[in-house]
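Engineer: Let me give you the structure first, and then I'll get to my questions.
All of the numbers you see were taken from the coordinates with simple rules; none came from a lab. Keep in mind that this is a model prediction, so the values were computed, not measured. Neighbour counts run over all protein chains shown; Cβ positions are idealised from the backbone, glycine included.
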Amino acid sequence: MRNALVLACALLLAGLTATPAAAQAPADEQKPQLAGFEDMKAARAALDEIIRAYEAGDIGAIQARLDPAMIGFQRFLDGMRRDTANLKQTRLHLFEANVSAGPDVAMIQAAWEKRFFGVASFTPGLFTGRSTFLMHRAKDGWRLAAVSGDNPFSSESGVLATLTVMPSLIPVASLALCPGTFPGLGIELVDPDLAGLASATIEVFSSQGDREVLTLTALSPGRFRPTTFPVPLCGEALPPTPRNGKIEINFLAVPATLTFRYIDANPGANRPPATLMRSVTIR
């Protein structure tokens, strides 16, 4: 709001200090390069209208406020339909919003928080992100033309995932001989694109040559954690056997490194697939 007021004052000051020659210039030459405060309010109000329609699951109202020239128009709508089917009682809140506008284009940068309940298990969920919304002025008002960064509206339109693995250091003394026990490694994957799926997989590589695939279970829509012992981590003096369902570490050849990898096929904003990697050291 403060930025908008400063901008409005600057425009007013520019108008008051215009030279007589500029006052006599043709109307098209006097067209301001920045929009006024009311235009900014109208652009933000149009975005809020889309948000309320998204919360209500009103796809028709959303479609009416999208720019037909939006890249990925149909995919954007399909993602919203998927969210409507999988998420209920959705509430989307924008904060730290900053609005700038020209005669026909407005840019709204904001952080956001989305709360909801998953239909399958009726468990609560929370996603957060930061986005830039591009609004375009049409004859019937402002329309949403593009979303960059994280997309709060639809899963299939893409949101960058997060992968957390803790702790980053495991003492070798905590490893037992195979079949050993899980030493307390915490793993969590959050990928809003996968909301509605029951499980997701990540890969684990060791510096000693082991390679395994771990299956994580959905605790809430888009949030996945392993059940019980996701990585039967054990120490022995034999070479590891890849793809046998357990991470094997030669405890006579430490330190060693475990690398956890997840490939986000659709991180949003027309970005290429993103590879998320986290490392754990054993010593």
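Engineer: Relative contact order of segment 108-148: what whole-number percent is it, with Cα pairs under 8 angstrom and at least 6 residues apart?
Structural biologist: Values: 61 pairs, mean separation 14.0, N = 41.
RCO, segment 108-148: 34 percent.
Engineer: Another one. What residues have an amide H closer than 5 Å to that of residue 160, excluding those fewer than 5 places away on the same chain, when H is modeled at 1.01 Å from N in the peptide plane?
Structural biologist: Amide H neighbours of residue 160: 151.
Engineer: Let me ask you something else. How many nm is it between the label spots at residue 211 and residue 253, if each spot is 7 Å from the Cα in line with the beta carbon?
Structural biologist: Between residue 211 and residue 253, the label points sit 1.6 nm apart.
Engineer: Going by how many other Cβ atoms sit within 10 Å of their own, how do 143, 52 line up, fewest first?
Structural biologist: Working: 143 21, 52 13.
Ranking 143, 52 by Cβ neighbours within 10 Å, fewest first, gives 52, 143.
Engineer: Here's a follow-up. Quickly work out the residue 162-to-residue 148 label distance, labels modelled 7 Å from Cα along the C-beta direction, and quote it in nm with one decimal.
Structural biologist: With each label point 7 Å from Cα toward Cβ, the separation is 2.3 nm.
Engineer: On to the next question. List 133, 153 from most exposed to least, where exposure is judged by having the fewest other Cβ atoms within 10 Å.
Structural biologist: Working: 133 28, 153 24.
Final ranking by Cβ density, sparse to dense: 153, 133.
Engineer: I would also like to ask the following. At a Förster distance of 35 Å, what's the computed FRET efficiency of residue 278 paired with residue 123, Cβ-Cβ distance as r, to 0.05?
Structural biologist: On the way: r = 25 Å, r/R0 = 0.71.
Once the sixth-power term is evaluated, E becomes 0.90.
Engineer: Enter the Cα centre distance for the pair segment 78-133 and segment 187-228, rounded to the nearest angstrom.
Structural biologist: If you average the Cα positions of each part, the centres end up 24 Å apart.
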